[in-house]
Amino acid sequence: MSRIGKKPVELPSGVQATVEGQTVTVKGPKGQLAWTLADEIEARLEDQQIVLAKRNDGARAQAMWGLSRSLVNNMVVGVTKGYEQTLELVGVGYRAAMKGQMLSMQLGFSHDVEIKPPPGISFAVPRQTEIRVSGIDKQLVGEITARIRRVRPPEPYKGKGVRYAGEKVRRKEGKKK
């Protein structure tokens with residue numbers, strides 16, 4: 001039995017939600033997000049709460065119940081607080097800068113790597129070796145952060161590359177004479 005699916009999603013003040021068929025739309029101070037639920041799940045709006053329920057007792061319905069509740073909760077948190085992830089650049093000469101809305105990084109290649117933010121995502125560079133990715137959609141923030149990291153992932157011998165803030169890179173021993 002899903003313990004997550006049972007819990008209703010609380011709507012804080014300033015957040016409006018609508019349920020039209022299988023689509024749940026959440027509107028808040030930071031923006032608006034919508035999600036279409038799986039056919040096995042139904043959503044109801046009950047006094048400042050979104051309640052999700054299974055339509056049948058199948059295995060897929062059970063799996064989608066907790067997932068749907070988590071996704072709707074992530075939308076509510078996104079439109080109220082937003083999401084942010086931080087990346088660190090480790091390496092001699094590795095640095096990042098903003099060029100208008102674009103993120104420009106020098107990562108040891110012969111050219112600068114420039115990344116344009118998709119709609120709803122913003123970049124910030126508080127220090128040359130730190131990148132902050134923020135937005136209201138948790139999945140999109142994580143995807144863009146992973147794409148930036150994928151440009152130059154941390155290597156195990158010197159630890160150089162782009163890593164998540166606080167990520168521990170397992171180091172390997174080098175060649176022996």
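Values for this structure:
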| read-out | value |
| --- | --- |
| Condition check for P119: surrounded by fewer than 14 Cβ atoms within 10 Å (Cβ to Cβ) and over 20 Å from Y94 (Cβ atoms) | yes |
| Residue ID - modelled with the lowest pLDDT, chosen from residues in segment 33-55 that are within 15 Å of P12 (Cβ to Cβ) and polar (S, T, N, Q) | Q48 |
| Residues that are exposed (fewer than 14 other Cβ atoms within 10 Å of the Cβ) and among the β-branched types (V, I, T), drawn from segment 135-169 | V151 |
| Residues (under 13 Å from M75 (Cα atoms) and either of a type in the set (S, T, N, Q) or touching a Lys or Arg at 6+ places or on another chain (Cβ under 7 Å) (or both)) located in segment 16-45 | Q16, T18, T23, T25, Q32, T36 |
| Residue list for segment 129-151, filter: assigned to a strand (DSSP E or B) and either out of contact with any Leu (no Cβ under 6 Å at 6 or more places or on another chain) or over 15 Å from G166 (Cα atoms) (or both) | E130, R132, V133, S134, G135 |
| Residue that is surrounded by 15 or more Cβ atoms within 10 Å (Cβ to Cβ) and at pLDDT below 95, where the choices are G91, G58 | G91 |
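To keep it simple, each residue is scored yes or no on (1) farther than 21 Å from K138 by Cβ; (2) surrounded by 13 or more Cβ atoms within 10 Å (Cβ to Cβ); (3) more than 20 Å from the chain's Cα centre (by Cα); (4) not assigned by TED's automatic domain parsing to the domain that holds S122.
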| residue | (1), (2), (3), (4) |
| --- | --- |
| K7 | no, yes, yes, yes |
| S13 | yes, no, yes, yes |
| Q22 | no, yes, yes, yes |
| V26 | no, yes, no, yes |
| L33 | no, yes, no, yes |
| E42 | yes, yes, yes, yes |
| Q49 | no, yes, yes, yes |
| L52 | no, yes, yes, yes |
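The values are calculated or read from the model by the stated rules, or taken from the named source; none is laboratory data. Just so we're clear, the structure is a prediction, and the values are computed from it rather than from any experiment. Note that we place each Cβ from the backbone using ideal geometry, even for glycine, and neighbour counts take in every protein chain shown.
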